[in-house]
Each structure stands twice: as structure tokens, then as C-alpha cells.
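J.: The structure under discussion is supplied below as C-alpha cells; questions concerning it will follow.
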Amino acid sequence: MTAPSGAAAPTEPAPAQPGTDPDLLYSEPEEDLRAAVRSLLADRGGPAAVLADLESGRAYDTGLWRPLAAGMGTAGLLVPEKLGGQGASAREAAVVLEELGRAVAPVPYLTSAVLAVTALLGCETDRPEVTAPLAALAAGRGVGVLAVPLPTAPGTLPEPSVRADADGLLTGEVTGVADAAAADMLLVPADGPYGYALYAVDASAGGVRVAPGVPLDLTRVPARITLDRAAGRLLAGQDTARAAVTGALLTGAGLLASEQLGIAEWCLTETVRYTAQRTQFGRPVGSFQALKHRMAALWLDVASARAAARNAADALATGGPDAPVAVAVAQAYCAPVAVRAAEECIQLHGGIGMTWEHPAHLFLKRAKADEIALGTPGRHRAALAELVDIPAP
Amino acid sequence: MTDRTRESGRLDAGELRRRTADLLVSCPPAETAPLDFLRARFDAGLAWVHFPQGLGGLDAPRALQVVVDAELEAAGAPDNDPRRIGIGLGMAAPTILRFGTDEQKRRFLRPLWTGEEVWCQLFSEPGAGSDLAALATRAVRDEDGTGWVVDGQKVWTSGAHQARWAILIARTDPELPKHRGITYFVCDMTDPGVEVRPLRQITGEAEFNEVFLTGVRIPDAHRLGAVGEGWKVAQTTLMNERVAIGGARQPREGGMIGVAARAWRERPGARTHDLHQRLLRHWVDAEVARLTGERLRQQLAKGHPGPEGSGMKLAFARLAQQISGWEVEFLGEDGLAYDDWTLRRPEGVDFTGRQAGYRYLRAKGNSIEGGTSEVLLNIVAERVLGLPPEPRTDKDAAWKDLPR
């Protein structure tokens with residue numbers, strides 16, 4: 001290697017290695033959990049039933065949410081037992097999200113059981129203002145959402161667009177809040193009398209208006225929340241509040257990778273199944289090399305996405321310092337894989353892939369919206385540039 | 001793992017540590033010649049612990065090898081040079097273990113492992129690359145029926161100029177369809193009929209060779225597996241080759257991406273936004289490939305080998321080509337220079353050594369050697385995904401009737 005041209009820059013240290021070896025496999029209890037969730041989703045009728053349900057005009061599939069969240073206890077996986085949850089970890093929640101992604105299920109799991117729950121866990125959990133809503137969400141007795149725009153990436157916390165006065169009355173507007181129309185409880189970051197703070201607001205309280213828009217992803221609807229002197233209960237202030245919201249976004253982004261993995265898996269499996277059966281030119285189209293190679297390349301990407309998603313889930317579960325890197329890698333990698341899998345699914349299905357009646361479009365819409373959710377791949381790569389010392393020019 | 005090994009009556013990590021300590025006491029590395037130490041290590045069953053007793057192993061779980069390796073490395077014990085003997089360790093040894101006679105295992109495995117005898121692989125031919133089963137090298141029974149006479153030409157043979165032995169596949173029955181008329185042999189590279197010629201590559205060096213086989217005599221005792229079963233035996237070799245190529249354990253920023261990242265940190269003046277974006281993508285891809293390999297290793301350790309092994313070589317080849325191409329571009333004026341075009345015959349391939357231009361050119365081979373990426377994608381599509389096979393016209397025809 002020749003010497004660097006010009007004055008040599010000071011040699012900067014290489015990024016820290018991950019502390020302990022991550023466990024990238026699935027444990028037996030995790031596989032049991034997967035089997036239970038998959039069986040529940042299959043009973044609901046799969047993606048075809050999702051499509052029918054979307055025409056009902058409900059904010060989410062309540063008939064699926066209740067047995068999933070309350071019946072099976074998945075809503076409380078991230079919550080310690082003494083706070084009314086299951087005392088499991090991000091690893092188990094990730095398995096649930098894989099299955100929900102595979103079924104493109106319209107339930108507020110990511111928003112309520114992951115984002116809202118983690119935000120509450122980041123507050124002081126010995127205060128009843130925090131423990132009461134936490135216990136309710138963990139038991140699946142209601143849906144909570146963190147009132148930040150869905151595209152917000154961890155580490156890029158925007159200044160709140162809501163102001164709180166000294167009486168705890170909140171005024172302002174937050175856009176793009178996923179599943180807000182399904183929520184009983186809003187966790188609202190606001191600029192309060194003492195700076196950044198997190199408040200709980202009942203969705204049914206006076207002065208609260210939630211207006212869902214027409215979404216790209218029919219299964220996770222963002223809405224505009226307008227607050228006009230709505231009563232809020234203070235959950236946390238300043239640094240605690242910031243850390244709680246940032247931590248929730250980090251966990252959400254890391255676990256979203258598992259949902260993306262599930263989406264990609266369904267798309268690949270269905271495409272392989274369909275192309276092996278569909279005949280053109282006297283052969284199954286899946287026997288043509290041009291198509292086989294595309295599916296094989298996708299398989300490799302899905303297998304790699306699984307390693308990345310598991311690594312993020314494990315890093316979040318162990319709470320190690322490597323979690324921000326693991327999450328950024330998982331999001332930068334898994335988001336485009338899910339989109340490509342869904343796009344290939346539609347293309348390789350031919351005409352049927354373009355129809356409303358075939359569920360492939362649900363996966364494409366979810367995958368594309370997921371690519372924006374909790375930070376685009378570009379934002380996560382920008383975060384990595386800092387974290388692993390690949391500085392921008 | 002510990003509980004499982006106890007149940008099956010196999011050795012556990014503690015017992016292996018004890019045996020490693022015993023070896024270090026009886027042969028202190030500082031006072032023992034490296035070769036003597038390696039022989040003693042083999043005889044103690046600590047060479048490859050999952051091999052049978054008496055053949056360098058202890059019938060222990062494969063995953064426990066790391067326990068032994070870590071102890072020996074910490075003690076400063078000599079290593080058998082895995083780069084120089086890669087083909088022997090990665091391909092010949094697992095094949096001999098699975099298909100060899102007791103006599104063959106005893107004769108070949110010990111000097112193979114210690115590095116005393118280097119191995120090469122006589123598989124590919126000018127007319128049989130991806131379609132390896134089309135090979136034309138002939139092996140015919142000699143006059144007294146105790147052995148074989150081999151004639152033909154092989155190519156892309158790395159290490160042939162250093163090798164004492166070769167694994168060889170040759171056609172023994174041209175009347176049969178191409179996959180069924182092949183037999184697998186161990187070839188003595190010192191036989192007078194073996195001629196090795198360096199094959200110069202785009203890097204300027206001659207890492208590979210052409211090998212001409214003229215009246216090479218191979219005793220029947222050096223046949224591996226049954227006559228006509230050579231294709232089946234070769235599958236074991238090829239499977240292990242692909243695992244060996246894609247399977248090295250890496251730390252974060254190990255391998256080529258580490259070289260690229262260091263170059264980026266050292267040359268702030270060469271940075272552009274476009275190169276930054278691309279480097280970050282490569283960094284993510286390299287980290288995910290590392291994690292995928294790690295996940296595969298964890299599956300293997302639990303005794304559940306996943307199909308990911310088939311794909312790791314694909315990922316490795318693509319990454320190496322993208323990162324080395326990026327680096328030449330990043331170096332700008334320095335990227336216009338090349339370190340050395342001298343015809344050299346390196347002992348092994350070093351994917352982070354030499355200079356960016358060399359790595360860029362050498363990486364072109366990564367998607368060709370050991371199975372092209374196109375062939376591997378077919379294998380993944382058919383064997384992992386279960387997609388219908390390509391229509392074939394050559395499968396049932398006698399080899400001698402195929403167009404060539």
C-alpha cells in the first residue's frame with residue numbers, strides 16, 4: 001500500500017467490537033411462541049381475510065387483536081412481570097413481529113406493544129401515573145401510541161410540535177402517527193413549562209381530535225392528532241422523557257426489522273410456490289434460469305436479513321452498548337430486502353400480481369411504508385457513519 | 001451443549017482443556033520443534049477433535065475445536081499453516097475421512113494435517129468447468145489389473161507445483177452417462193507422467209496451474225470409493241470447498257471492508273459524498289454477511305446445519321468485488337498504479353494483502369472459482385427452494401455420444 005497523499009491524518013480508532021457473541025438462533029420457547037401466533041393468524045384466514053377486513057372501515061382487526069394481545073399475552077412480552085407483563089424480551093417480541101409481518105396483520109402491535117410500552121418503560125416505573133397505563137397496555141386492555149411521526153428515526157428526535165401549559169393542558173398538532181385512530185391512549189412529547197416532557201392523554205378526552213388520512217399502507221394507518229387544551233398527565237420530564245422516547249424509537253426500529261423479515265419471507269415463499277406451478281411455453285416458469293436466479297438471490301438476502309434482524313433483537317434484549325449499531329445495520333439492510341421481495345413477488349406473479357384480489361399488494365404497501373417508518377435506510381446509514389467512524393466528507 | 005455431550009458420552013470442553021494442558025506439558029512449545037509439536041498434537045487427538053480417535057481426533061463435537069484452538073493459541077503453540085494446506089484440510093481430508101479405506105486414512109491424514117504433505121485438486125478441465133461431469137481425462141485399467149493409467153489435462157489447479165498428492169476425478173467408463181462413468185483417485189504428483197505448468201492470471205501471478213497427465217500410474221489402492229461412484233465422492237469435496245471458501249470467521253470490520261474503512265479514515269482529502277454512501281452500503285453488507293456466517297456457525301454447533309452455507313460464497317464473492325472496486329476508485333491517482341506485475345507463484349491467496357489493484361483483479365475470480373455464482377444460484381434455486389430443474393439433454397446419454 002502506498003503512503004497517503006498529503007499530510008497524514010491522525011489515525012482514528014476502529015469501531016468497537018460487539019461485546020459478547022450474539023445468540024442469532026431461535027430458542028425452543030421462541031419457536032413455541034411462533035407456532036402459537038402462526039396458528040392464531042391462520043385461524044383468522046390469512047392475507048385473504050386481511051383484505052376483506054380492510055373494507056370494513058375499522059381502525060384495526062379487533063377480532064385478531066384481543067386473542068393475540070390479551071389472550072396470548074403478547075402485548076406484555078416486553079414488560080416485567082412485577083409490572084403486569086410477561087417478563088420476556090425483545091427476542092420474543094421479534095418473533096411475534098415476524099409472524100405479523102408474514103401475515104401482514106392489521107393490528108397495532110408495533111405501535112402499542114413495542115413503541116408505547118417501551119416509552120412507558122423508559123419513565124420512572126415506580127410512579128402510578130406510569131404503572132397504570134403500562135399495566136393496561138401489557139394486558140392488552142387498550143391500545144396506546146407514541147405521538148411522533150412514524151418516519152422519525154432514533155437519534156433524530158424532533159422538537160415537540162405540542163406545547164403544555166402549567167396546568168398540563170396540551171395544544172398542538174402531530175402528523176403521521178401510526179395507528180392513532182386505534183388508540184385509547186396517546187403518549188405525547190410536548191414542550192412543557194420545564195422543557196421536553198412526555199404526557200399521557202386519553203384519546204376520548206375533550207380537545208382531542210384524531211384524523212386518519214388515506215394511507216399507502218392499508219394495514220397501518222397514520223393519522224393527524226390535533227390537541228386543543230387537552231388534559232395530559234405528566235409521565236416524565238426533560239432527560240428522562242427524551243431518553244424514553246429515543247429508547248422507544250430504537251427498540252421500535254430494531255424490531256421492525258423482524259416484521260420486514262416476515263414480509264420478505266412470505267413474498268419469497270409465495271413466489272416460489274406460484275412459479276413452480278404456473279406453466280408458460282410448456283414449462284413451469286420457475287424452471288427458467290432468469291427467474292430461478294432472481295429467487296435464489298432473494299433467498300440469500302432473506303437469509304441474511306434474518307441474521308441482521310436476530311442480531312438487533314438480541315442486542316436490544318441484552319441491552320448492550322452495541323444495540324444502536326445492530327439496529328442501524330438491521331434497518332439499513334432489512335428495509336430494502338422487504339421492498340425488493342414484495343416487488344419481485346408482484347413481478348414474478350405476472351398479471352395476477354397486479355390485481356386487488358391477490359394479497360401481494362398488501363405486502364408491497366406495508367414493505368414500502370416500513371422502509372420509511374422509524375428512519376429510512378439512508379438515515380440509518382447516516383447514523384452508522386457516526387457510530388462506526390466512517391465520517392462524511 | 002454440555003448436557004448433550006454428557007448424554008451421548010462424548011467429551012466435553014473441560015476434558016478437552018485438560019488434554020490440551022497435558023499436551024502443552026509433554027511438548028512445551030518453546031522447546032519443541034514446530035513439526036514435532038504438530039505431530040504430537042495430531043497423535044493426542046487435538047488436531048480436529050471431531051475426527052475419529054487415532055486419526056487426529058477424539059470423536060468430540062466439532063464445535064469444541066475452538067476450545068482447543070484458543071488454549072493452544074494462548075500458549076503460543078505453532079499452527080499448521082491453514083492457507084498453504086487449505087485444499088488438503090478443506091477438501092481432501094473430509095473426502096478421505098468419508099470414503100477412504102482404513103489404510104488410506106492412516107497413510108494420508110496425519111502428514112496432510114501437519115502440513116508435511118501439501119494437496120491439490122485435479123478436477124476442472126479446459127472443457128469441463130461449471131459442467132464438471134463432462135470431464136474427459138481417462139483412467140483405464142493397467143495390463144496386470146492392479147492399477148490404472150491416467151491420461152488427460154486439468155486446469156485451475158492451485159498449489160499443484162507444491163503438492164505431494166492430488167485428489168483426481170477421471171472417466172473410467174465412457175459408455176455410461178457422464179455422471180456415472182467417473183471414478184475418484186488419489187494421484188501421486190511425483191509420478192513422472194505429471195507435468196505442472198504455471199498458468200498466469202490477470203493479476204500477473206501464477207497462483208494456478210495447468211496439469212498434464214500422460215500415462216500416470218495410480219495403484220488401485222489409491223482409489224477413493226467404488227469404480228463409477230466418483231461423482232458422488234466429488235460432491236462431498238465440492239460441498240466442503242464452498243463451505244471453506246465462504247466460511248472463515250471474521251470480527252466486525254474483518255477482511256476487505258476493514259482495509260477499505262481504514263483507507264477512508266486515513267485519507268480525508270479523497271472523500272466524496274458518493275463514495276461515502278457506497279462505502280456505508282458495503283459496510284452494512286459486510287457486517288450482515290459476517291452475521292449470516294456467524295448464524296450458520298451457531299446452527300452447525302447445535303447440529304442443525306442450515307442451507308445458508310450454499311449462499312455464503314455468493315455473498316462473499318459479490319462483496320469482495322464491490323469493495324475492492326470501490327477502493328481502487330477511492331484511491332484516485334494511487335489507484336492508477338499497480339504494485340507488481342512480476343510472475344510470482346504465491347503459496348496462498350491473501351484477500352487483504354498486497355494492494356487495492358491486486359485485490360480488485362483477484363476478486364474477479366471469486367465468482368468463478370469453486371463453482372460460478374450462476375451455478376450456485378441454480379443449486380440454491382433447485383435444492384434449497386425446490387424449484388423445477390432445468391431441462392437437460394445430456395443426462396441419460398452415454399458420455400461418448402455427447403457433443404464436445
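Matching residues to (1) over 30 Å from B:ALA263 (Cα atoms); (2) part of a helix (DSSP H, G or I); (3) at pLDDT 90 or above:
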| site | (1), (2), (3) |
| --- | --- |
| B:LEU291 | no, yes, yes |
| B:GLY306 | yes, no, no |
| B:SER310 | yes, yes, no |
| B:LYS313 | no, yes, no |
| B:ALA317 | no, yes, yes |
| B:ILE323 | no, yes, yes |
| B:LEU331 | no, yes, yes |
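J.: Which residue is surrounded by the fewest Cβ atoms within 10 Å (Cβ to Cβ), if the candidates are limited to the stretch A:35-79 and must be within 15 Å of A:PRO108 (Cβ to Cβ) and of a type in the set (Ser, Thr, Tyr)?
T.: A:THR62
J.: Please determine, by comparing only the residues of the stretch A:129-163 that are open to solvent by less than 10 Å² (accessible area, probe 1.4 Å) and farther than 18 Å from A:GLY76 by Cα, which one is farthest from the chain's Cα centre (by Cα).
T.: Filtering the stretch A:129-163 for residues that are open to solvent by less than 10 Å² (accessible area, probe 1.4 Å) and farther than 18 Å from A:GLY76 by Cα, the one farthest from the chain's Cα centre (by Cα) comes out as A:VAL162.
J.: Something else: Given (1) within 14 Å of chain B (Cβ to nearest Cβ); (2) surrounded by fewer than 19 Cβ atoms within 10 Å (Cβ to Cβ); (3) in contact (Cβ under 8 Å) with a residue 24 or more places away in the chain, where does A:LEU348 come up short, assuming only one miss?
T.: Going through (1) within 14 Å of chain B (Cβ to nearest Cβ); (2) surrounded by fewer than 19 Cβ atoms within 10 Å (Cβ to Cβ); (3) in contact (Cβ under 8 Å) with a residue 24 or more places away in the chain one by one, A:LEU348 breaks only (2).
J.: Restricting attention to the stretch B:314-323, does a residue exist that is surrounded by fewer than 16 Cβ atoms within 10 Å (Cβ to Cβ), more than 8 Å from chain A (Cβ to nearest Cβ) and out of contact with any Ser or Thr (no Cβ under 8 Å at 6 or more places or on another chain)?
T.: no
J.: Take A:ALA7 and decide whether it is at pLDDT below 55, out of contact with any helix residue (DSSP H, G or I) (no Cβ under 6 Å at 6 or more places or on another chain), aliphatic (A, V, I, L, M) and within 25 Å of A:ALA315 (Cβ to Cβ).
T.: Criteria not met by A:ALA7.
J.: List the residue pairs whose Cβ atoms are under 7 Å apart, where the first residue sits in the stretch B:369-391 and is more than 8 Å from chain A (Cβ to nearest Cβ) and among the polar types (S, T, N, Q), the second is in a helix (DSSP H, G or I) and open to solvent by less than 50 Å² (accessible area, probe 1.4 Å), and the two are 6 or more positions apart or on different chains.
T.: Hits for this filter: B:SER373/B:LEU314; B:SER373/B:ALA317; B:SER373/B:SER367.
J.: What's the total number of residues in the stretch B:347-368 that are assigned to a helix (DSSP H, G or I) and more than 11 Å from chain A (Cβ to nearest Cβ)?
T.: Here the count works out to 8.
J.: Only one of (1) of a type outside the set (Asp, Glu); (2) crowded, with 22+ Cβ neighbours inside 10 Å; (3) touching a Gly at 6+ places or on another chain (Cβ under 8 Å) fails for B:GLY193. Which number is that?
T.: B:GLY193 satisfies all of (1) of a type outside the set (Asp, Glu); (2) crowded, with 22+ Cβ neighbours inside 10 Å; (3) touching a Gly at 6+ places or on another chain (Cβ under 8 Å) except (2).
J.: Kindly check whether there is at least one residue in the stretch A:378-391 that is more than 13 Å from chain B (Cβ to nearest Cβ), touching a helix residue (DSSP H, G or I) at 6+ places or on another chain (Cβ under 6 Å) and surrounded by fewer than 21 Cβ atoms within 10 Å (Cβ to Cβ).
T.: Within the stretch A:378-391 (the criterion being more than 13 Å from chain B (Cβ to nearest Cβ), touching a helix residue (DSSP H, G or I) at 6+ places or on another chain (Cβ under 6 Å) and surrounded by fewer than 21 Cβ atoms within 10 Å (Cβ to Cβ)), the answer is no, since none of the residues qualifies.
J.: While we're looking at this one, here's another question. Those residues that are in contact with a strand residue (DSSP E or B) (Cβ under 6 Å, 6 or more places away or on another chain) and within 14 Å of chain B (Cβ to nearest Cβ), I need them from the stretch A:235-280; list them, please.
T.: Correct list: A:ALA276 only.
J.: Out of B:ASP339, B:ASP401, B:ASP396, report the one residue that is modelled with pLDDT under 90, surrounded by fewer than 20 Cβ atoms within 10 Å (Cβ to Cβ), acidic (Asp, Glu) and more than 28 Å from B:MET91 (Cα to Cα).
T.: After applying the criteria, what remains is B:ASP396.
J.: For B:ARG249, are the conditions met, namely being within 14 Å of chain A (Cβ to nearest Cβ) and either assigned to a helix (DSSP H, G or I) or of a type in the set (Phe, Trp, Tyr) (or both)?
T.: The answer is no for B:ARG249.
J.: Okay, moving on. Among the residues of the stretch A:62-106, write down those that are under 26 Å from A:ALA330 (Cα atoms) and not in a helix (DSSP H, G or I).
T.: A:LEU77, A:LEU78, A:VAL79, A:PRO80, A:GLN86, A:GLY87, A:ALA88, A:SER89, A:ALA103, A:VAL104, A:ALA105, A:PRO106, listed by residue number.
J.: Right, here's the next one. Only one of A:VAL50, A:VAL37, A:VAL79 is at pLDDT below 95 and β-branched (Val, Ile, Thr). Can you tell me which?
T.: A:VAL50
J.: Then there's this: Would you please name the residue that is nearest to the other protein chains (Cβ to nearest Cβ), looking only at residues in the stretch B:392-404 that are in contact with a strand residue (DSSP E or B) (Cβ under 7 Å, 6 or more places away or on another chain) and aliphatic (A, V, I, L, M)?
T.: The extreme case among them is B:ALA397.
J.: For residues that are under 18 Å from the mean Cα position of the chain (by Cα), within 8 Å of another protein chain (Cβ to nearest Cβ) and of a type in the set (A, V, I, L, M, F, W, C), scanning just the stretch A:281-323, find the one that is nearest to B:TRP283 (Cα to Cα).
T.: In this case the residue turns out to be A:ALA308.
J.: Answer with yes or no whether A:CYS345 is in contact with a Ser or Thr (Cβ under 7 Å, 6 or more places away or on another chain) and closer than 27 Å to A:THR219 by Cα.
T.: Judged against the criteria, A:CYS345 is a match.
J.: Name, by its number, the condition in (1) more than 14 Å from chain A (Cβ to nearest Cβ); (2) at pLDDT 95 or above that does not hold for B:ALA244.
T.: (2)
J.: Next question. For the stretch B:273-288, what are the residues that are open to solvent by 20 Å² or more (accessible area, probe 1.4 Å) and within 21 Å of A:HIS293 (Cβ to Cβ)?
T.: If the condition is that a residue be open to solvent by 20 Å² or more (accessible area, probe 1.4 Å) and within 21 Å of A:HIS293 (Cβ to Cβ), then B:ASP285 is the only one that fits.
The values are calculated or read from the model by the stated rules, or taken from the named source; none is laboratory data. Just so we're clear, the structure is a prediction, and the values are computed from it rather than from any experiment. Glycine also receives a Cβ, built like all others from the backbone with ideal geometry; neighbour counts cover every protein chain displayed. Ligands, DNA and RNA are excluded from the accessible area calculation, which covers all protein heavy atoms including side chains. Shrake-Rupley method; radii C 1.70, N 1.55, O 1.52, S 1.80 Å.
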